[in-house]
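The values are calculated or read from the model by the stated rules, or taken from the named source; none is laboratory data. From a predicted model like this one, the values you see are computed outputs, not experimental measurements. Virtual Cβ from ideal backbone geometry, glycine too; neighbours counted across all protein chains shown. When the accessible area is computed, the model is the full protein with side chains, heavy atoms only, and any ligands, DNA or RNA have been set aside. Shrake-Rupley method; radii C 1.70, N 1.55, O 1.52, S 1.80 Å.
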Amino acid sequence: MAHTWAPQQYLAYADERGRPFVELLARVGAAAPARVADLGCGPGNLTRLLTERWPDAHVVGVDASADMLARAAAIEGVEWQLADAREWSPAAPLDVLVTNATLQWIPGHLELLPRLVGMLAPGGWFAMQVPGNFDQPSHVLRDEVAALPEFAEHTRHVARPAAHDAATYLAALTALGLEVDAWETTYLHVLEGPDAVFEWVRATGARPVLEAMPDALRGEFEDVFRARLREAYPADERGRVVLPFRRVFAVGHA
Ligand SMILES: C[S@@+](CC[C@H](N)C(=O)[O-])C[C@H]1O[C@@H](n2cnc3c(N)ncnc32)[C@H](O)[C@@H]1O
C-alpha cells in the first residue's frame, strides 16, 4: 500500500540521520565526477552535500515523493526528478550513484542492483546505506501493536521496510563486477524530549502503519505504541533515551 512522507517530521533528527550519509560518502573515492545521482533523495538536505563536495558535477536528486521533492526544491544546484527508483534511468552513465536509506522501502531490492550498477560509467562508484535494525523493539513493537485484533484489519497490507546484512550486499555487488567495501555500524543515538523514539519512528518505519489507521483509531494506536516504546527505551533521570541503530553500508567501484 502506498504511503506518503512528511519532510518536516523526517528532518527532526536531521543530524542523526545525516551522519551515515557522510560516513558512506567518505568511502567514495571519486575525485571529479561529472554526473552524480542521489536515488531516494528525500528532502534534499543530504543531496546538497554532494554539490558541496563536487561543485562541478551535474547532480540529480530522484524521489518518488512529491512532498519530499517540494521540500528539496529550494536547494540550488541540483536537478530534482520525481520518479520511482525502479523505473528511473539517468540521461547518461553516472560517475557516482548514491542511495541512502531508501532501498529498504523497495521489496526485493537485490533484484534492482544489476540495473543500478548498469547505470555506472567505467570507473563509477555505487554507494548505498540501509537500516539493519528490523529486529529491534522500535520495529517489533510496531508490528505487535499492528497485529492486535482492533488494528489488524487496517495494517495487514501496509509496507514494512526490510534489508539484508552487509555480507549479502558485498556478495551481490561483487558478483556484478564491482570492487566492494561493505560494513555495518551501530549508532547509539541519545534522544531528548517526550516519546523521542516514537517521534523518530513515526517519520519513517512506522509511518505507513500510522497512515493506514482510520482517524478514529489512530490516537488509540499511538497511545499503545508509545507506552510500549517507553517501556523498551526507558528515559534516564534527565529524560534522555538511547536508541541503538544499526546501519549497513556498501560502496562499490566499477
Ligand atoms: C528514509 S527517506 C531517505 C531520504 C534521504 N536519502 C536521506 O537519507 O535522508 C526514504 C526516501 O526514499 C524514497 N523512496 C521510497 N521508495 C522509493 C522508490 N521506489 N523510488 C524512489 N524513491 C523512493 C521516499 O520517498 C523517501 O524520500
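Of all residues in the range 235-252, which are open to solvent by less than 60 Å² (accessible area, probe 1.4 Å) and assigned to a strand (DSSP E or B)? Give the steps one after another, and end with the answer.
If we filter the range 235-252 for residues that are open to solvent by less than 60 Å² (accessible area, probe 1.4 Å), which is where we start, we get 236, 239, 241, 243-252.
241, 243, 244, 245, 246, 247, 248, 249, 250, 251, 252, listed by residue number.
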*When the range 115-135 is examined, which residues are found to be touching a strand residue (DSSP E or B) at 6+ places or on another chain (Cβ under 7 Å) and either surrounded by 21 or more Cβ atoms within 10 Å (Cβ to Cβ) or closer than 30 Å to residue 231 by Cβ (or both)?*
116, 120, 124, 125, 126, 127, 128, 129, 130, 131, 132, 133
*Take the residues of the range 38-61 that are away from the ligand (no atom under 11 Å from the Cβ) and of a type in the set (Val, Ile, Thr): which is most open to solvent (accessible area, probe 1.4 Å)?*
51
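Among the residues of the range 219-234, write down those that are in a helix (DSSP H, G or I) and surrounded by fewer than 20 Cβ atoms within 10 Å (Cβ to Cβ). Give the derivation first.
So in the range 219-234, the residues in a helix (DSSP H, G or I) come out as 219-232.
Matches in the range 219-234: 219, 220, 222, 223, 224, 226, 227, 228, 230, 231, 232.
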*Among the residues listed as 169, 187, the single one being more than 24 Å from residue 146 (Cα to Cα) and touching a Phe, Trp or Tyr at 6+ places or on another chain (Cβ under 6 Å)*: 187
_Which of the numbered conditions does residue 216 fail, given that it passes all the others? Conditions: (1) open to solvent by 40 Å² or more (accessible area, probe 1.4 Å); (2) under 23 Å from the mean Cα position of the chain (by Cα)._
(2)
*Hey, among the residues in the range 93-114 that are in contact (Cβ under 8 Å) with a residue 24 or more places away in the chain and open to solvent by 30 Å² or more (accessible area, probe 1.4 Å), which one's farthest from the chain's Cα centre (by Cα)?*
93
*asked:* Checking the structure you have, find out if any residue of the range 161-175 is within 20 Å of residue 139 (Cβ to Cβ), among the small types (Gly, Ala, Ser) and surrounded by 17 or more Cβ atoms within 10 Å (Cβ to Cβ).
replied: yes
*Residues in the range 222-239: is at least one in contact with a Lys or Arg (Cβ under 6 Å, 6 or more places away or on another chain) and in contact (Cβ under 8 Å) with a residue 60 or more places away in the chain?*
no
_Test of understanding: among 30, 64, 12, 34, which residue is near the ligand (Cβ under 8 Å from one of its atoms) and touching an Asp or Glu at 6+ places or on another chain (Cβ under 7 Å)?_
64
*Restricting attention to the range 7-37, report how many residues are open to solvent by 20 Å² or more (accessible area, probe 1.4 Å), under 18 Å from the mean Cα position of the chain (by Cα) and more than 19 Å from residue 131 (Cα to Cα).*
1
